[in-house]
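Student: One structure coming up, written as structure tokens, with questions to follow.
The values are calculated or read from the model by the stated rules, or taken from the named source; none is laboratory data. This one's a predicted model, so the numbers in the text were calculated from it and none came from an experiment. Note that each Cβ is placed from the backbone with ideal geometry, even for glycine, and that neighbours are counted across all protein chains shown. Areas reflect the complete protein model, heavy atoms only, side chains present, ligands, DNA and RNA absent. Shrake-Rupley method; radii C 1.70, N 1.55, O 1.52, S 1.80 Å.
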Amino acid sequence: MIRPAMAVAAVTVMRRGRSEQARDARFARLVALVLDTIFVGILISVATAVFGVTEVIWGIPPTAGVGSAFWRAQATIPAFWATVIWLGYYTVCEGMFSATPGKVLAGLRVVSVDDRRLSFWSILVRNVLRLVDVLPGAYLLGGFALLATRNGQRLGDLAAATTVVYRRDALEPRTTRSSGRTARVGFVAAVVAVLVLTAAFDYFQQPVLVIQGEYNQHQLMNPAMVSYSLGQPARTLDTVTYPIIAQTATQSCWGSVTLTWGGLSGWQMQAGQLSCFPR
């Protein structure tokens with residue numbers, strides 16, 4: 001029979017062991033963070049290349065003699081969607097496998113600190129709070145908390161009762177996350193579906209975004225254009241032509257714009273014609 005005092009002592013030993021394991025893994029966590037930041041950056045870059053619209057980020061493009069000689073434009077996606085990709089990457093990977101690709105390469109696993117079952121809710125909490133841990137930049141707040149706490153926990157870990165240890169120390173199955181064959185097959189199927197939909201969007205819808213980017217830079221045929229609308233496109237395998245109706249401050253315009261498919265480089269502006277008449 002195990003006496004209460006013996007049970008308390010066993011739990012104390014287990015917790016002390018977990019804190020030591022978490023402290024041992026602190027540098028590896030930094031390595032994993034750098035790797036995961038690279039992977040997330042790649043995902044956001046791909047999303048920007050496919051779904052992004054070119055925007056002027058500083059300066060004013062010249063328009064009818066008005067504007068700056070120095071200006072810069074780049075493709076962007078809304079910050080909301082970049083954040084969804086960032087947090088979704090961590091939440092999905094850790095929710096299914098208790099580790100992101102960066103943590104796998106660093107030999108780490110997310111675990112519960114108190115020997116309880118690691119729930120998906122805990123994974124969600126620890127990752128949503130990255131929004132706080134990352135402040136004021138470069139994970140300074142989370143890094144300070146990780147160094148200051150006994151179990152090597154950033155704020156998200158404290159709220160979720162989790163920490164990160166080496167894979168060799170994550171011995172209790174219920175303290176980590178794992179997925180069965182059905183879930184893994186579903187995950188792979190979801191990834192394939194996303195890739196197919198992304199490729200379809202890139203081919204069929206990206207021309208509209210390219211045209212919008214040209215308009216944002218005041219380079220869509222007539223720099224004085226203040227609005228436009230596109231009609232139904234005419235397509236071949238590697239070209240697409242849109243009828244266009246546009247307006248300047250004093251004119252109404254009609255014409256067409258043609259783009260060509262460049263494979264990995266995507267759709268490129270090829271030609272356009274626009275006839276304008278006073279309103």
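Student: Under a no-solvent Debye model with one identical scatterer per Cα of the stretch 217-279, what's log10 I(q)/I(0) at q = 0.20 Å⁻¹?
Tutor: -0.77
Student: Using only Cα atoms, what Kirkwood radius does the stretch 185-257 have, in angstroms?
Tutor: When all Cα pairs of the stretch 185-257 are included, the Kirkwood radius is 14.2 Å.
Student: Compute the angle between helix 79-97 and the longest alpha-carbon principal axis of the chain, please, reported from 0 to 90 degrees and rounded to the nearest 10.
Tutor: Tilt of helix 79-97: around 40 degrees.
Student: Helix 181-204 sits at what angle to the longest principal axis of the chain, using alpha carbons and giving 0 to 90 degrees rounded to 10?
Tutor: With rounding to tens, the tilt is 20 degrees.
Student: How high is the relative contact order of the stretch 159-279? Use alpha-carbon pairs under 8 Å, at least six apart in sequence, and give a whole percent.
Tutor: 17
Student: Still on this structure: State the three equivalent ellipsoid semi-axes of the stretch 97-147, derived from the C-alpha gyration tensor as the square roots of 5 times its eigenvalues, in descending order and whole Å.
Tutor: In descending order the semi-axes read 20, 14, 11 Å.
Student: For the stretch 88-164 and the stretch 178-239, compute the distance between their C-alpha centroids and round to whole Å.
Tutor: 34
Student: Pick out, from Leu155, Val50, Leu237, the residue whose Cα sits farthest towards the positive end of the charge dipole of the chain, with +1 on the Cβ of Lys and Arg and -1 on the Cβ of Asp and Glu.
Tutor: Leu155
Student: Heavy atoms only, probe 1.4 Å: what % of the accessible area of the chain goes to carbon and sulfur, would you let me know?
Tutor: 67
Student: Based on the alpha-carbon set only, what is the convex hull volume of the chain divided per residue, in Å³?
Tutor: With only Cα atoms used, the chain gives 165 Å³ per residue.
Student: Accessible area per residue of the stretch 144-279 at 1.4 Å probe, in Å²?
Tutor: That works out to 57 Å² for each residue.
Student: Which of the listed residues, Leu33, Leu171, Ala183, is farthest toward the dipole's positive end in the chain, when Lys, Arg count +1 and Asp, Glu count -1 at the beta-carbon?
Tutor: Of the options given, the answer is Leu171.
Student: Using only helices, what value at 222 nm comes out for the chain when you add -39,500 (n - 2.57) per DSSP H run of length 4 or more and divide by the total residues, to the nearest 500 deg cm²/dmol?
Tutor: Helix contribution divided over all residues of the chain: -15500 deg cm²/dmol.
Student: Show me 205-213, 219-227, 133-141, 51-59 ranked by packing, highest mean number of other Cβ atoms within 10 Å first.
Tutor: With the highest mean Cβ count within 10 Å placed first, the list reads 205-213, 219-227, 51-59, 133-141.
Student: While we're on this one: Taking the Cα atoms of the stretch 146-279 alone, what are Rg (to one decimal) and Dmax (as a whole number) in Å?
Tutor: Expressed in Å, the Cα Rg and Dmax of the stretch 146-279 come to 26.1, 77.
Student: While we're here: Taking only Cα atoms of the stretch 57-187, what ratio of Rg to Rh do you get with Rh as the Kirkwood inverse-distance radius?
Tutor: Expressed as Rg/Rh, it is 1.19.
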